[in-house]
Structure formats: structure tokens, C-alpha cells
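Asker: The following block contains the structure, expressed as C-alpha cells.
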């Protein structure tokens, strides 16, 4: 991937946040990372802070190194930059991140409750519950709120031995969701699916069915049929000859 391609992918991901109704006004942001195959320096492209989605251009995106130093861009990067960078450093498998304040996922985040796996729609995309973090301490907030938010997420995944590919998103308690994927486009898809799953779970709880999670063997089967080594969903990729 070349940097112009990265810019194009990240621009489209940001536009999709608005097009899919995942953010009001300028809430939310998307980023992507270019990790050179030869082990060279990685570059991150991210939405500039406070710029309206419909006014955003590829040239507006800010390019940074993984240490946060700016390589290209005249605008200030997203105020969530340090969270994105910490996730990229901790999760080398991912290539794109989307942060939204989508309604139902944010409701679950504000409740401080994980989204339980109540059905196969959830199991197809998230292995187990969608996790929720604990609160940042006052010391962590004063030390660096945005960076510490990233560490809160990555420490939660490490502590609970969660695979960021099998669980491609998280709820930050009292805040909102973050989702990611192998590409910026996949990150948007997962953010969209997370909102749909959150909405389904909320409505299911209104029927009094919360506390009756999908049996684990069914949840595992559905996740594996899409993402396992012998997946049966979708079409096989053509072999290279």
C-alpha cells in the first residue's frame, strides 16, 4: 500500500461514519495505518479535529508516526490520536480504527455493561460479549486522558486474554465505542455491526430475555463458520498460481 492509497481509504472510512449514521456533527473519527513490509517506519493517517465529514478531503488528513510526531498536515489531528496510536502499537494485526458515539453502543458504554451475546447475529462478528472497560483513575486522567484511554483498552484485552481480531471492538465505560479491523473499511463495518448488535441487545433486554445468553457451543460455531480455519461462509479466495 502507498500513502495516497492509505489517505483514500481513511477518507472513505470517515465519510462512511457519517453516511451510516454512526456520528452526529463531527463526533467520531477513523484512522488507518501503513506498515511497510520491509519493516520500515509505519505511518498513520487520521481525521483532523473538528472538520465536518462532508467537507473533508484526502489532503486534510494528518499523517503521523507511531510516536505521534506529525509527518504531513497543516491541521490538528483528531483529539483521539493517542488512543489510536496506542491501539496500533499494541495490536499489530489491525490496520484501521473507528471511534464513534453511535447511540445504542454508547448507551451500553454509559451503563458500564458489556453487550452479552444473545444471538447468532452477535456471534457471527464478535466472539463472546462486547467488553466494557473500567473507569480511568483520576491519576491516569491527569497524566494524559487520551493516551490512558488507549492503555485502558489494551490492558483490558491483555488482562482478559482477548483476541482483537475475534473481538474487534470495545466499549469505554462512560464514553463510547471503539472498533477496528484489518483495514479502515473493515473497521467501519465492525463499528456499524457493533451499533446494530447493541441495538438488538437493548431491545432484547426490553423483553426480559437478558441473562439468557446464546449457548457457548452455538456462539462458537457461528463465529467459526465465518472466521475459523474451515469457514464455510462466503466465497473462497482464488488461489494464486
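Asker: Most exposed first by the Cβ proxy, i.e. fewest other Cβ within 10 Å, how do 133, 120 rank?
Answerer: By the 10 Å Cβ count, ascending: 120, 133.
Asker: If you don't mind, there's one more thing I want to ask. Alpha carbon centre of region 49-124 versus region 16-47: separation in Å?
Answerer: Distance between centres, Cα-based: 7 Å.
Asker: Helix 81-90 against the longest principal axis of the chain: what's the angle in degrees, Cα atoms only, rounded to the nearest 10?
Answerer: 70 degrees
Asker: Between 0 and 90 degrees, rounded to the nearest ten: what's the tilt of helix 138-159 against the longest Cα principal axis of the chain?
Answerer: Here the helix axis deviates by roughly 50 degrees.
Asker: Relative to the longest principal axis of the C-alpha atoms of the chain, give the angle of the C-alpha long axis of helix 216-227, reported between 0 and 90° and rounded to the nearest 10°.
Answerer: Once rounded, the angle reads 40 degrees.
Asker: To continue, here is another question. Contact order normalised by length for the chain, with contacts defined as Cα pairs under 8 Å and 6 or more residues apart; what percent is it?
Answerer: So the answer I get is 21 percent.
Asker: Given the rule -39500 (n - 2.57) for each run of at least 4 DSSP H residues, summed and divided by the residues of the chain, what is its mean residue ellipticity at 222 nm, to the nearest 500 deg cm²/dmol?
Answerer: Computed mean residue ellipticity for the chain: -13000 deg cm²/dmol.
Asker: A further question on this structure: I need the shape label for region 30-103. Rule: rounded when a/c is under 1.5, else prolate if a/b > b/c, else oblate, with a, b, c from the alpha carbon gyration tensor.
Answerer: Oblate shape, in that a/c is at least 1.5 and b/c is the bigger or equal ratio.
Asker: While we're on this one: Hey, of (1) 56, 51, 35; (2) 67, 40, 32; (3) 53, 39, 34, which did the structure itself give for Cα extents along the principal axes in Å when calculated?
Answerer: Matching entry in (1) 56, 51, 35; (2) 67, 40, 32; (3) 53, 39, 34: (1).
Asker: Could I ask something else about it? How big, in percent, is the set of alpha carbon pairs in region 1-140 lying more than 23 Å apart?
Answerer: The answer is 41 percent, as a whole percent.
Asker: Starting from the eigenvalues of the Cα gyration tensor, five times each then square-rooted, give me the equivalent ellipsoid semi-axes of region 133-178, largest first, whole Å.
Answerer: 20, 11, 8
Asker: Classify region 5-72 as rounded, prolate or oblate, taking a ≥ b ≥ c as the square roots of the eigenvalues of its Cα gyration tensor: rounded when a/c is under 1.5, otherwise prolate if a/b is larger than b/c and oblate if not.
Answerer: Prolate is the answer for region 5-72, as a/c is 1.5 or above and a/b outweighs b/c.
None of the figures in this text is laboratory data; all of them are computed from the coordinates on show. In this text, all values refer to a predicted model and were calculated from it rather than measured experimentally. No Cβ is skipped: glycine too gets one built from the backbone with ideal geometry, and neighbour counts run over all protein chains shown.
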